[in-house]
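The values are calculated or read from the model by the stated rules, or taken from the named source; none is laboratory data. In this text, all values refer to a predicted model and were calculated from it rather than measured experimentally. No Cβ is skipped: glycine too gets one built from the backbone with ideal geometry, and neighbour counts run over all protein chains shown. These accessible areas exclude ligands, DNA and RNA; they are computed on the full protein's heavy atoms, side chains included. Shrake-Rupley method; radii C 1.70, N 1.55, O 1.52, S 1.80 Å.
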Amino acid sequence: MSNALSKNSFALAGAYAVNLAAALYFSKSLAVLHSAYLLAAALALLGLAIGAGFSMAGGKGEGGSAGKLVVALIFAAVHGAVAYALARYAFNLDWQTALAYPVGAAVAWIVFALLGCRYPQGLSALLAAAFLAGGLVIALRLGGVWAGLVYGLALLNSCLPGGKWLGRESAEAEIWERALFFASLLAVGRAAIQYYLLQSNYAALGVVITHPYTYVALFAGVFLPALYWVSQRDRFCHPALALVLLGLVLPLALGVFVHVRPMAGFLLGLVTASFLLGILFTGTYGMGLLSYLGMAGATLGLPLFAKLSNLSRVARLEILGVIAVVLFLVLAFLIPRGEASRPPQEKEA
């Protein structure tokens with residue numbers, strides 16, 4: 001269990017770093033009194049500091065106790081109010097955008113209270129996903145992509161104290177951390193889609209999924225997290241190799257064969273499927289890493305996609321053939337090794 005906790009902590013720390021970096025990048029669009037970059041950093045650090053302080057209150061045990069719910073509510077009110085006051089009065093941010101962080105704090109408390117009700121795990125996960133996605137919609141309406149990223153920071157700042165109050169090794173704490181992790185991924189994914197559309201000059205057109213190529217790319221994005229989850233469940237591919245093949249090679253190859261614009265559909269499918277599957281299934285933090293790699297490959301590969309957009313159909317088919325042969329050889333080598341590495345009881349089943 002301690003190894004799992006350390007892996008979860010590493011994944012959450014990585015998600016926090018990516019969310020903060022994206023918030024800093026999109027801060028350049030804000031009109032505030034002082035540096036917008038300083039505002040994003042201050043919101044993150046103050047939230048972390050308040051969360052660390054509140055995590056010392058309460059202890060391990062039943063997450064549904066009234067005392068813990070009250071402490072969690074006070075925590076949500078305090079770090080939400082401090083963040084709003086900082087953004088609104090110290091940086092003169094407009095009141096709507098300044099509300100994004102408090103919305104994240106409030107939604108985090110709702111999810112905490114929901115998990116304290118001890119519903120069946122599947123129902124708890126679905127309800128948490130609904131509230132977290134709904135909160136992101138509100139944040140985006142309040143202030144666009146930057147507000148969505150600040151919403152994600154508020155969720156992640158709630159992770160440490162909430163996990164302690166729920167009991168670090170409880171099933172509710174596991175759902176709590178996984179839900180906040182993938183909710184922040186959803187916020188970063190929305191930012192990645194916006195960045196891709198802006199850099200490709202298709203922001204005004206958006207993602208039109210009725211376009212044939214866009215539909216194919218959307219389906220590929222939806223399919224990818226499920227394929228990774230199956231590969232890890234059946235252990236027919238090493239996790240690191242699966243991440244490279246599915247998280248980098250496949251998105252880059254896809255970007256060569258479809259038009260630049262439909263790749264935004266791939267990001268849309270990837271982020272949506274990762275969010276839902278990640279919250280519903282346990283042990284899926286690797287799926288989050290896969291999604292981050294896919295987002296990085298698609299966005300950073302945009303210059304390559306644009307450069308190769310004029311390739312002939314024959315040249316594209318030749319490249320596709322080479323990739324298919326390489327993938328076939330890799331899988332032909334890995335599948336027998338995966339079968340041999342299975343425990344004897346699994347082979348007999």
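The table below lists the values:
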item	result
Filtered residue count, segment 266-323, keeping only those that are among the small types (Gly, Ala, Ser) and either open to solvent by 60 Å² or more (accessible area, probe 1.4 Å) or closer than 25 Å to residue 176 by Cα (or both)	10
Unmet requirement for residue 98, which otherwise passes all of (1) in contact (Cβ under 8 Å) with a residue 60 or more places away in the chain; (2) out of contact with any Cys (no Cβ under 9 Å at 6 or more places or on another chain); (3) not polar (S, T, N, Q)	(1)
Residues within segment 206-235 that are under 21 Å from residue 332 (Cβ atoms) and open to solvent by less than 60 Å² (accessible area, probe 1.4 Å), tallied	6
Residue match in segment 317-327 (condition: at pLDDT 70 or above and among the small types (Gly, Ala, Ser))	yes
Unmet criterion (only one of (1) over 23 Å from residue 15 (Cα atoms); (2) open to solvent by 50 Å² or more (accessible area, probe 1.4 Å); (3) among the small types (Gly, Ala, Ser)) for residue 240	(1)
Total residues in segment 252-302, condition of a type in the set (A, V, I, L, M) and part of a loop (DSSP other than H, G, I, E, B)	2
The listed residue being of a type outside the set (Ser, Thr, Tyr), assigned to a helix (DSSP H, G or I), modelled with pLDDT under 95 and closer than 30 Å to residue 120 by Cβ, out of 73, 39	73
Checklist (1) part of a helix (DSSP H, G or I); (2) polar (S, T, N, Q); (3) under 30 Å from residue 143 (Cα atoms) applied to residue 231, failing item	(3)
The one condition in (1) exposed (fewer than 15 other Cβ atoms within 10 Å of the Cβ); (2) at pLDDT 90 or above that residue 48 fails to fulfil	(1)
Residue 61, sole failed condition from (1) modelled with pLDDT of 90 or more; (2) at positive phi	(1)
Neighbours by Cβ (under 8 Å, 6+ apart or cross-chain): first from segment 187-205, open to solvent by 80 Å² or more (accessible area, probe 1.4 Å); second assigned to a helix (DSSP H, G or I) and not hydrophobic (A, V, I, L, M, F, W, C)	190/148; 199/299
Selection status of residue 141, of a type in the set (Lys, Arg) and either open to solvent by less than 30 Å² (accessible area, probe 1.4 Å) or closer than 18 Å to residue 183 by Cβ (or both)	yes
Members of segment 63-93 found to be free of Cβ contacts under 8 Å to residues at least 12 places away in the same chain and either within 22 Å of residue 145 (Cβ to Cβ) or within 26 Å of the chain's Cα centre (by Cα) (or both), listed by number	88
Pair list, Cβ < 7 Å and 6+ apart or interchain, from segment 38-58 residues that are farther than 12 Å from residue 82 by Cα and hydroxyl-bearing (Ser, Thr, Tyr) to residues that are modelled with pLDDT under 95 and open to solvent by 50 Å² or more (accessible area, probe 1.4 Å)	55/160; 55/164
Filter result for residue 291 (at pLDDT 80 or above and within 20 Å of residue 175 (Cα to Cα))	yes
Count - residues of segment 103-127 that are farther than 24 Å from residue 84 by Cα, open to solvent by less than 10 Å² (accessible area, probe 1.4 Å) and not hydroxyl-bearing (Ser, Thr, Tyr)	2
